[in-house]
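Scroll down for the structure; my scribbles are underneath it.
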Amino acid sequence: MSGAEDRARRVLIEAPADLLLDRLATELERTYGITGAELLQVDYRLSALLPFTKGEPVTSPGHPAWRCFDHQEPIVTDDGTGWFPVGMRGERRGVLRLDPVPADPAVRAELAGIATAFGHELAAVTASTDIYRVARRSRRLTLAAEMQWELLPGRSRVRPSFSLAGQLEPAYAVRGDTFDWSDDGHRLCLVVINGMGEGVAASLLSSLATHALRNARRAGLALADQAALADQAIYAMHRGEQHLSALLMELDLASGVLTVVDAGSPRLLRLRDGEVHEQELDKQFPLGMFDGTDYRPQRFELRRDDRLFVVSDGVVDATGGAVRYGETALERFLRRTGPMPPLDAVRSLLGDLRAFVAGDLIDDAVVVCLDWTGPQG
């Protein structure tokens with residue numbers, strides 16, 4: 001790391017939460033002669049890159065900003081404008097536009113490192129200020145959607161042994177569908193919830209389930225016991241009048257063994273060697289339907305380069321004309337996602353779904369994509 005890059009990183013660390021871009025721009029002009037700097041954040045729908053300070057949203061897929069975001073590589077155009085990925089640990093937040101960018105490859109590599117450091121600082125300060133959240137929405141979120149997005153662990157995650165991504169739709173009005181994940185270096189825990197109800201009531205129910213599952217997981221309980229604790233929490237609150245479907249998964253990162261508890265869950269599909277198969281699961285009662293349900297785990301062994309999709313009813317049952325997406329188009333499109341990273345696969349699938357229904361989705365839909373790349377040293 002050069003002295004200039006190190007100074008820029010220190011500037012980011014020491015800057016007030018609301019002045020990250022301003023302080024960085026000043027340092028880049030002083031050190032590299034860069035006179036223009038702008039942060040473009042990806043919006044909640046993954047359909048626009050929104051400028052933090054000024055300018056028009058970038059929505060054209062062929063735009064250099066989108067090419068940078070999609071491929072997670074710096075792009076420098078002929079006029080000297082550079083676009084650098086902003087993110088952390090696989091979580092894509094947007095791109096940093098800089099101009100003019102020096103032609104020196106070493107300097108461009110330093111700028112790429114600074115953009116990554118910018119992503120880490122954005123993640124660090126977002127909990128203490130609203131300005132970055134506000135700047136990445138193209139319209140107002142409903143109250144239920146605000147609650148659901150605040151509940152998420154992120155939208156994508158990358159480690160040597162796996163890649164993971166998820167998305168909620170309709171992004172600005174989602175109600176009950178959600179997902180959660182955590183990895184500790186030895187196992188990946190993932191839950192996908194197919195919510196029940198409307199508006200804030202649906203969001204509250206999913207929030208209760210998510211926090212109950214987190215509480216059980218952090219207490220070191222086995223997967224089936226996590227489901228049982230969440231089941232008890234929901235039943236104690238609603239006495240069976242409200243319940244929700246969930247799929248709980250735990251992936252052993254050393255062996256590729258996947259443990260699953262199906263609580264009336266969304267569908268689990270596997271893409272292997274170009275073919276899509278639905279994983280047969282032991283269907284069990286949704287969380288909160290009955291008092292004291294005893295859940296049973298199943299185990300499957302993943303192969304290197306397996307891809308898993310979890311999709312909710314809002315995907316499978318979406319209709320275009322007189323046919324359902326899950327009956328006619330889902331498996332065909334899943335096969336096409338093979339070369340895509342998980343976040344691009346999720347975004348493309350939901351884009352295809354919107355085209356299928358010829359508009360925005362009405363029902364909640366959640367899609368999660370998990371790539372298993374094999375045990376790592």
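A compact table of results
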quantity	calculated
Residue tally, condition within 18 Å of the chain's Cα centre (by Cα) and in a loop (DSSP other than H, G, I, E, B), over the stretch 61-79	1
Every residue from the stretch 97-146 that is among the hydrophobic types (A, V, I, L, M, F, W, C), crowded, with 17+ Cβ neighbours inside 10 Å and outside any helix (DSSP H, G or I)	Leu98, Val101, Leu141
Flag for Val42 being touching a strand residue (DSSP E or B) at 6+ places or on another chain (Cβ under 8 Å) and β-branched (Val, Ile, Thr)	yes
Residue check, Leu221 touching a strand residue (DSSP E or B) at 6+ places or on another chain (Cβ under 7 Å) and closer than 30 Å to Pro375 by Cβ	no
Selected residue (criterion: surrounded by the most Cβ atoms within 10 Å (Cβ to Cβ)) from residues of the stretch 232-253 that are in contact with a His (Cβ under 8 Å, 6 or more places away or on another chain) and within 25 Å of Glu280 (Cβ to Cβ)	Leu253
Qualifying position, being in contact with a Cys (Cβ under 6 Å, 6 or more places away or on another chain) and either at pLDDT 95 or above or assigned by TED's automatic domain parsing to the domain that holds Ser161 (or both), among Pro286, Pro342, Pro266	Pro342
Pair list, Cβ under 7 Å, 6 or more apart: the stretch 320-346 residue under 14 Å from Arg270 (Cα atoms), other residue acidic (Asp, Glu) and buried (at least 16 other Cβ atoms within 10 Å of the Cβ)	Phe333/Asp352; Pro342/Asp371
Selection count where residues are surrounded by fewer than 16 Cβ atoms within 10 Å (Cβ to Cβ) and either part of a helix (DSSP H, G or I) or of a type in the set (Phe, Trp, Tyr) (or both), scope the stretch 205-223	3
Residue among Leu39, Leu24, Leu28 that alone is surrounded by 15 or more Cβ atoms within 10 Å (Cβ to Cβ), touching a Gly at 6+ places or on another chain (Cβ under 7 Å) and not small (Gly, Ala, Ser)	Leu39
Output for the stretch 299-332, where each listed residue is modelled with pLDDT of 95 or more and surrounded by 15 or more Cβ atoms within 10 Å (Cβ to Cβ)	Phe300, Leu302, Asp306, Arg307, Leu308, Phe309, Val310, Val311
Some residue of the stretch 153-164 being closer than 30 Å to Ile34 by Cβ, assigned by TED's automatic domain parsing to the domain that holds Ala222 and assigned to a loop (DSSP other than H, G, I, E, B)	yes
Residue among Thr129, Thr81 that alone is touching an Asp or Glu at 6+ places or on another chain (Cβ under 8 Å) and free of Cβ contacts under 8 Å to residues at least 60 places away in the same chain	Thr81
Those residues of the stretch 348-377 which are at negative phi and small (Gly, Ala, Ser), in sequence order	Ser348, Gly351, Ala355, Ala365, Gly377
Which listed residue is assigned by TED's automatic domain parsing to the domain that holds Gln232, surrounded by fewer than 23 Cβ atoms within 10 Å (Cβ to Cβ) and within 17 Å of Ser245 (Cα to Cα), from Trp149, Trp181	Trp181
Any hit, the stretch 365-377, residues being small (Gly, Ala, Ser) and in contact with a Lys or Arg (Cβ under 6 Å, 6 or more places away or on another chain)	yes
Residue list for the stretch 355-367, filter: under 15 Å from Val174 (Cα atoms) and either of a type in the set (Val, Ile, Thr) or without any contact (Cβ under 8 Å) to a residue 12 or more places away in the chain (or both)	Ile362, Val366, Val367
Residue among Arg97, Arg139, Arg93 that is in contact (Cβ under 8 Å) with a residue 12 or more places away in the chain, out of contact with any strand residue (DSSP E or B) (no Cβ under 6 Å at 6 or more places or on another chain) and among the basic types (Lys, Arg)	Arg139
Those residues of the stretch 234-246 which are assigned to a helix (DSSP H, G or I) and over 14 Å from Val191 (Cβ atoms), in sequence order	Tyr235, Ala236, Met237, His238
Pairs with Cβ under 7 Å, 6+ apart, first in the stretch 34-61 and assigned by TED's automatic domain parsing to the domain that holds Gly94, second aromatic (Phe, Trp, Tyr) and surrounded by fewer than 16 Cβ atoms within 10 Å (Cβ to Cβ)	none
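The values are calculated or read from the model by the stated rules, or taken from the named source; none is laboratory data. Note that the structure is predicted; figures quoted are calculated from it, not measured. Note that each Cβ is placed from the backbone with ideal geometry, even for glycine, and that neighbours are counted across all protein chains shown.
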